[in-house]
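The values are calculated or read from the model by the stated rules, or taken from the named source; none is laboratory data. Predicted, not measured: the structure shown is a model, and the values here were computed from it. Cβ placement follows ideal geometry from the backbone for every residue including glycine, while neighbour counts extend to all protein chains displayed. To get the accessible areas, we keep the full protein, side chains included, count just its heavy atoms, and leave off ligands, DNA and RNA. Shrake-Rupley method; radii C 1.70, N 1.55, O 1.52, S 1.80 Å.
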Amino acid sequence: MNFSEVFKLSGLLCKFSPDGKYLASCVQYRLVVRDVNTLQIVQLYTCLDQIQHIEWSADSLFILCAMYKRGLVQVWSLEQPEWHCKIDEGSAGLVASCWSPDGRHILNTTEFHLRITVWSLCTKSVSYIKYPKACLQGTTFTRDGRYMALAERRDCKDYVSIFVCSDWQLLRHFDTDTQDLTGIEWAPNGCVLAVWDSCLEYKVLLYSLDGRLLSAYSAYEWSLGIKSVAWSPSSQFLAVGSYDGKVRILNHVTWKMITEFEHPAAINNPKIVVYKEAEKSPQLGLGCLSFPPPRAGAGPLPTSESKYEIASVPVSLQTLKPVTDRANPKIGIGMLAFSPDSYFLATRNDNVPSAVWVWDIQKLRLFAVLEQLSPVRAFQWDPQQPRLAICTGGSRVYLWSPAGCLSVQVPGEGDFAVLSLCWHLSGDSMALLSKDHFCLCFLETEAAVGTACRQLGGHT
């Protein structure tokens with residue numbers, strides 16, 4: 001693995017363009033666009049205030065910069081740097097902004113979720129959508145960009161409206177049997193819409209494109225319910241993470257549960273591979289002195305080394321005792337994500353915060369567990385293959401694949417605390433983000449990574 005030099009960053013705002021050619025990052029009120037291959041600056045834009053959100057258009061020709069405090073959105077063009085657009089929501093305020101799939105309309109949500117304003121960059125026309133619901137995931141587009149589903153709240157009831165994105169005409173409008181709708185998401189094939197209730201009531205509803213209720217699922221009652229939901233890329237499975245520490249897998253034929261994955265603190269099955277991160281101080285003698293790296297920007301060697309060791313069962317994972325008398329207790333499945341081929345599912349149980357569980361979806365069983373020394377902050381799958389990148393807020397990045405595990409120190413002066421990461425669409429590199437900086441990590445071939453796993457303490 002190789003690393004680029006370190007660049008300045010604000011607000012963890014760093015995103016690859018959808019076509020993979022550019023990398024956009026923010027430094028206060030400046031937007032910097034770099035060429036991915038050379039990391040040379042292609043364009044530098046200056047906004048009117050500190051940027052709080054950026055988003056590429058689907059065709060990678062425009063970049064949206066939102067300044068929520070000022071109620072402003074500025075749009076920049078890569079092809080025509082002299083062209084720009086400013087949208088001022090005025091006294092209505094601004095809490096969210098996003099592109100439509102065609103990359104020529106911008107959807108702005110006003111304060112208190114009074115309405116969504118649809119701005120056209122081509123015709124300069126404006127449309128309004130009333131009653132958007134203030135929830136975690138209230139808007140979702142089909143992958144082909146044809147339809148948008150919107151969660152609404154009116155007269156103390158939840159509704160879903162489906163719009164045609166080409167002309168923003170209402171296609172379907174129906175009420176949902178939810179007490180307090182929290183999220184909606186289309187299946188990747190665009191045929192089914194998943195709707196789920198708040199954590200106070202366990203309920204998942206599946207609707208067709210024409211608004212018919214296909215199925216309703218509830219695992220239990222009178223206890224905290226759903227915490228996370230994810231579709232498999234194949235649209236065959238819907239994973240539902242719950243506050244009871246289990247993931248339930250629903251199938252696309254009957255929409256019934258086919259299995260549930262428990263996350264016990266003790267692992268006794270000898271067939272499960274448990275990787276434990278181990279840290280030790282390097283033993284440097286007179287005969288093995290290491291010279292500092294020659295390249296600029298590289299700092300001193302780390303004071304400790306990290307590697308993975310295979311633990312022998314039974315293994316007891318470090319658990320966190322939740323404070324149950326406070327809101328949003330640290331229990332349940334807070335993170336889950338399918339691999340791009342739908343073969344694996346990665347999960348994190350929030351009261352076992354240092355562990356990542358990897359499940360084999362083909363065999364419906366636990367495949368591996370990775371226990372880190374620090375709580376897991378984020379993980380993301382390689383877009384091209386079943387390879388998982390993990391960060392824990394420290395100066396290392398971790399990789400898992402079916403071949404084994406790898407722990408890599410991020411070079412640089414001081415500690416580069418990796419708070420988040422994002423893959424390039426090719427899977428050949430990823431951006432590592434810290435509070436004030438970012439760098440790129442370039443990965444070699446799968447065979448080379450497998451060799452590195454064996455050399456650096458990972459196991460195959």
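Tabulated data
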read-out: Listed residue pairs exceeding 32 Å between alpha carbons, taken from 21/256; 124/227; 130/227; 124/435; 203/271; value: 21/256; 124/227; 124/435; 203/271
read-out: Extension reserve of the residue 442-residue 321 stretch, reckoned as 0.36 nm per residue once the Cα distance is removed; value: 39.7 nm
read-out: Solvent-accessible area of residue 14 with every protein chain in place, 1.4 Å probe, in Å² to the nearest 10; value: 10 Å²
read-out: Cα-based Kirkwood hydrodynamic radius, region 143-197, one decimal, Å; value: 11.7 Å
read-out: Accessible-area composition of region 141-192, carbon plus sulfur, in percent [1.4 Å probe]; value: 41 percent
read-out: Which of 430, 335 is most accessible, then next, and so on - probe 1.4 Å; value: 335, 430
read-out: Coarse-grained scattering of region 57-190 at q = 0.09, 0.10, 0.11, 0.18 Å⁻¹, given as base-10 log I(q)/I(0) from a Debye sum over alpha-carbon atoms; value: -0.27, -0.33, -0.40, -1.04
read-out: Accessible area of residue 102 in the full protein assembly, 1.4 Å probe (Å², nearest 10); value: 70 Å²
read-out: Label zone at residue 144 (point 7 Å along Cα-to-Cβ), backbone N below 11 Å, region 231-259; value: none
read-out: Length released on extending from residue 213 to residue 39, taking residue separation times 0.36 nm less the Cα-Cα span; value: 57.7 nm
read-out: Residues residue 82 and residue 269, FRET efficiency given R0 of 45 Å [Cβ-Cβ distance, rounded to 0.05]; value: 0.10
read-out: Linear extension gain, residue 365 paired with residue 48, 0.36 nm per residue minus alpha-carbon span; value: 108.9 nm
read-out: Calculated over region 133-262: convex hull of Cα atoms, volume per residue (Å³); value: 96 Å³
read-out: Global geometry of region 1-137, whether rounded, prolate or oblate, following the gyration tensor of its Cα atoms and the 1.5 cut on a/c; value: prolate
read-out: Student exercise, the chain dipole from Lys, Arg, Asp, Glu Cβ charges, in Debye to nearest 20; value: 320 debye
read-out: Residues in region 35-68 that a label on residue 28 would reach, taking backbone N under 18 Å of a point 7 Å out along Cα→Cβ; value: 44-53, 66-68
read-out: Per residue, in Å², the accessible surface of the chain once ligands and nucleic acids are set aside, probe 1.4 Å; value: 47 Å²
read-out: Calculated FRET value between residue 413 and residue 12, using beta carbons and R₀ = 25 Å, to 0.05; value: 0.80
read-out: Environment charge at residue 230 (Cβ cut-off 14 Å; Lys +1, Arg +1, Asp -1, Glu -1); value: +2
